[in-house]
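Since the structure comes first, as structure tokens, the remarks are kept for the end.
Every read-out reported here was derived from the displayed coordinates using simple, explicitly stated rules and does not represent laboratory data. Keep in mind it's a predicted model, so treat the numbers as computed, not measured. Every residue, glycine as well, gets a Cβ built from its backbone with ideal geometry; the counts of neighbours run over all protein chains shown.
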Amino acid sequence: MPKKPKYDNESIRLLKDEERVREKPAVIFGSDGLDGCEHAIFEIVSNSVDEAREGYGDKIIVTRFDDGSVEVQDFGRGLPVDFNKNENRYNWELLFCELYAGSKYDNNAGSNYEFSLGTNGLGLCATQYASEYMEAEVHAGGFRYLLNFKKGKPDGEMLKEPYSKKDTGTRIKWKPDLEVFTEIDVSDEYYRDMLKHQSVVNAGVRFIYKNQTGKTFETTEYYYENGIEDYLKEMVGEDRLTDIQVWKQETECRDRDDLDTYRLKTNIVLTFSNKIQFKEYYHNSSFLANGGSPDKAVRNAFVYQIDAYLKEKGKYQKSDGKITFQDIDDCLVLIISSFSTVTSYENQTKKAINNKGIQDAMTAFIRNQLMIYFIENPLDADKITNQVLINMRSRVRAEKTRLGIKHDLIQNVSNLTNRIEKFADCRSKDISKRELFIVEGDSARGSCVLARDSEFQAVMPIRGKILNCLKVDYNKIFKSEIITDLIKVIGCGVEVKAKPKSDKDVVSFNLDNLRWNKLIICTDADVDGYHIRTLLLTMIYRLMPTLISAGKVFIAESPLYEITCGDEVWFAYSEAEKASALEKIGDRKYTIQRSKGLGENEPDMMSLTTMNPETRRLIKVNPSDVDKTVEKFELLLGDNLQGRKEYISENGNKYIDLTELS
């Protein structure tokens, strides 16, 4: 064992200047990975947003380059970078090279920025420190200023020259440093999502995104004239139960009785729908992915007021319990954009706020607005509350189903499996070694049973195509003997949820009860086999998705071709592998045949290609793979007839077997 270093007075070290960020980026950006790199981009964009919201500039341009570098340009007043008499230093030194230097500390006392995203004086300096290089160009006061930095340090003196044009503003270009972040390849999707969110809550500001990567340059503009109201109309379309409500309030609040009051502006748009559900919160333009105070206010106010209305109108039945927010959330479409002169963000990443004053003020405001809305619109009130009751009763029924399934399927799993027809168990009790092959039909079962190692490999056949578990309710799913048998064999229970596509209320599932180290889906390499594979993945995705995220689900890859040349045999799993094998064979004589179905294969071949851990090929199923599969499955086999027609029209030619037409 290596000798531990001595711990004494000289062991204490002070990180200086750029070291404070370059060595500990997660403290400022929340992560040293891609998330942190994305947040650094948002920090620079947010400075431009603050300028635009104060009325200086109505356009912000963000450019993404091939090498991972970024450029943000605004047309505001231009960063003040000249000499600061109060601090006896140049402002460019303070803004770019000193943490906690900024102009947004006194928003509540009438500073330059009343409602700002920036609060801590960290973003610009921290991003500069974390950059391979940064270039800044500022137009202000009739001058043009140029600044350059490398690895967190100034690269030369500031250049100042007269500038005769009338435009003002700031352009900053930088490249995140791979010595700081583990990854800097920020996706096109992030830029689009972030800029769209900003355009939603900054009505009238044009956000122009230039994607200068690849062979073609693409420019996209995001603009919402009426902000969140236009965005909600775009999202919900005609799929709503009620007209869109727009509620606005300006008030004062305080976080504690002995603290100063501060200003709060709240803008809310909402409607109700039995087809679309979403909530989004923004504060001072920052998208609050984790909610915080506004989310707590919404939960409190909606449950309180809707419950009061149900009691007042006698809508509860004797068998009903009290509604929960989940019952409301199932039909609520809501966006809140708020602004305050004092903001307490959860941390520098600004994904949640925790102001007690904001929570209390919003709770009171929403309660009052809901009460007035229900009084003035009794028909809407009945529509909304009736839908909430439907959601509540559906949730209760699902909970009863969950309890029944827990009793019927989880208890005495080992005894239940003994009674499952045609299931062939293995001898080993060591969970870390046991493998379950889920195969297609009796003939494949026979081949797999003969080819397996019965010490640790079990075989479970399924008869035909199982239900599409995304399209039917739980009661129908659990009436399917094929599915319930498979659940019993797997052994860990099911994740029945009151809200099927939510990640909440996962119940009845215990990964510790899983009887297998690997679940291996084994179907023929043809259209029917792929269809059965998709149905099985869909079942697991809906009933026990944790198995996928835990890396327990695999697909046995079957060869497409068997190529024989003398005593040599090649199994090709793709056209490219077939071509490679034929290239190796050269001019020698060979035979090639399409691989047979699993049930027609000899045990030796099955063992070699499908079951032997030394020679088989397994594909681990990842959550993203399932999401894409389910998305395509929904399109091709779901209820979206128009989407299916459009897809076939655009892509049908790719699936025509041209060999049959020749």
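What the table shows:
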| quantity | calculated |
| --- | --- |
| Estimated FRET transfer efficiency (Asp260, Leu511; beta-carbon r; R0 41 Å; 0.05) | 0.20 |
| Residues of type lysines that Lys248 reaches as a straight line, Cα spacing below 16 Å, ignoring anything fewer than 8 places off in the same chain | Lys265 |
| DSSP-assigned coil residues among trypsin sites (Lys or Arg not before Pro) in segment 1-33, each with at most 14 further Cβ atoms within 10 Å | Lys3, Lys6, Arg13, Lys16 |
| Entries of Lys275/Lys471; Lys275/Lys351; Lys518/Lys628; Lys4/Lys153; Lys275/Lys488 with Cα pairs more than 24 Å apart | Lys275/Lys351; Lys4/Lys153; Lys275/Lys488 |
| Inter-site label distance for Ser319 and Lys24 at 7 Å from Cα along Cβ, in nm | 6.0 nm |
| Asn86 paired with Thr251, simple spin-label distance in nm, labels 7 Å along Cα-to-beta-carbon | 3.3 nm |
| Neighbour count of at most 13 Cβ within 10 Å plus DSSP loop: longest chymotrypsin sites (Phe, Trp or Tyr not before Pro)-free window in the chain | 218-662 |
| Amide H contacts under 5 Å for Arg89, placed H, 5+ residues apart | Asn84 |
| Cleavage-rule hits, GluC sites (Glu not before Pro), segment 206-257, DSSP coil, Cβ neighbours within 10 Å at most 11 | Glu225, Glu238 |
| Reachable lysines from Lys160, criterion Cα separation under 21 angstrom, eight or more residues apart if same chain | Lys85, Lys150, Lys173 |
| Segment 165-217 - Rg and Dmax from Cα coordinates, angstrom | 14.5, 41 |
| Between 0 and 90°, nearest 10: helix 34-53 axis offset from the chain longest Cα axis | 40 degrees |
| Extension gain from Asp453 to Thr564, taking 0.36 nm per residue of separation minus the Cα-Cα distance | 37.3 nm |
| Those GluC sites (Glu not before Pro) in segment 1-67 that DSSP places in a loop and that have at most 16 other beta carbons within 10 Å | Glu23, Glu54 |
| Descending Cα extents along the principal axes, the chain, whole Å | 88, 77, 69 |
| In nm, spacing of pseudo-spin labels at Glu54 and Tyr573 (7 Å Cα→C-beta vector) | 6.0 nm |
| Counting all C-alpha pairs of segment 19-222, share separated by more than 27 Å (%) | 27 percent |
| Options Leu79, Gly152, Cys37, ranked by Cα towards positive dipole end of segment 19-222, top entry (Cβ charges) | Leu79 |
| Karplus (6.51, -1.76, 1.60) ³J(HN,Hα), θ = phi - 60°, over segment 259-273, in Hz, Gly and Pro reported as x | 9, 5, 6, 9, 7, 9, 10, 10, 10, 10, 10, 7, 8, 10, 8 |
| Amide H contacts of Ile420 (H built 1.01 Å from N, under 5 Å, at least 5 apart or other chain) | none |
